[in-house]
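What follows is calculated from the coordinates using simple rules that are stated; it is not laboratory data. Just so you know, these numbers come straight off a predicted model, no measurement behind them. Reconstructed Cβ throughout: ideal geometry from the backbone, glycine too, with neighbour counts over all protein chains shown.
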Amino acid sequence: RHQQRPPSDLVVDEVVVKNGSYLSDEVIKKRLDVPIGAPVDEPGLARQILRLNGMDTFGTIHHDLTRTPDGRSVLTLDIPKKPYSRNSMQFGFNFEDDFQGGVTFNLSAGLLINPINRVGGEVRAVIQIGDDRVIGGEYFQPFGPAMRWYGSALIVGRNENLEIYDPEGEAIAQYRLRGGEGRVTVGRIFGEWGTAEVGVYADRLRAGLRIGLPSLPSGEAQGGGGLLGFRVDTPDV
């Protein structure tokens, strides 16, 4: 014989995820832990929804606990997609004046596509024009719905000025630096507190004299190798 629970008994019998976002159901479910047959942990559920919102791929997430006619409690989470599309643009400008005749001015624009696929891939691109020119892009791709492992690739080209000063602070030369770098890494995310990654990189730089004595040298350098990084992010206390 089925025995209905009293209305005050907020025990979850079923979790329903209404996913209208760009990410797959598996990615979202990996970030939800709502025990079936146990009372609702409202603070814990709020923290999980806050972490989902922190991914910046959803609209406002709503949840509702309802009781069916047969007495079962159903927790429904409505997860919509971003209201302003997955693409975002950023613009900026930079102006510097050293009050000694040196003035630089740059305009920049950046594009972020997040996510670019159902498992959380991201693409970033940037272009800057002016005295210091930059163009580059980065691709970030998690592996699997848990998104603990990831791969990334970056390539950047630069064309910028470098001033050389004497010990008294007077400018004696200006070089034009042309070059770029590329990097490929594989990494592991540890919860919300740390990241470790390994990879390889290559870079090249050429320095040509623009202003200064002809006797000053120009040069070229290139390098590459492996890299190993570990980052820890602890909350302020």
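Odds and ends about this structure:
- Among the listed values (i) 19.2; (ii) 22.6; (iii) 21.1, the one matching mean projected area of the Cα convex hull in nm² as calculated from this structure is (i).
- Relative to one another, the C-alpha centroids of region 7-41 and region 160-237 are positioned 46 Å apart.
- Most mobile of Glu26, Glu168, Glu122 in a GNM of the chain (Cα contacts under 10 Å): Glu168
- Across region 24-160, C-alpha contacts under 8 Å between residues 6 or more apart give a mean separation that, scaled by the residue count, equals a relative contact order of 16 percent.
- Take every pair of alpha-carbon atoms less than 8 Å apart whose residues are at least six positions apart; their mean separation over the length of region 172-237 yields a relative contact order of 36 percent.
- GNM top mover of Ala38, Ala109, Ala125 - the chain, alpha-carbon springs below 10 Å: Ala38
- Candidates Asn53, Asn161, Asn94, ranked by Gaussian network fluctuation over the chain, Cα under 10 Å, top entry: Asn94
- Modelled spin-label separation between Val74 and Ala125, with each label point placed 7 Å from Cα along the Cα-to-Cβ direction: 4.4 nm.
- Dividing the mean sequence gap of close Cα pairs (under 8 Å, 6+ apart) by how many residues the chain holds gives a relative contact order of 12 percent.
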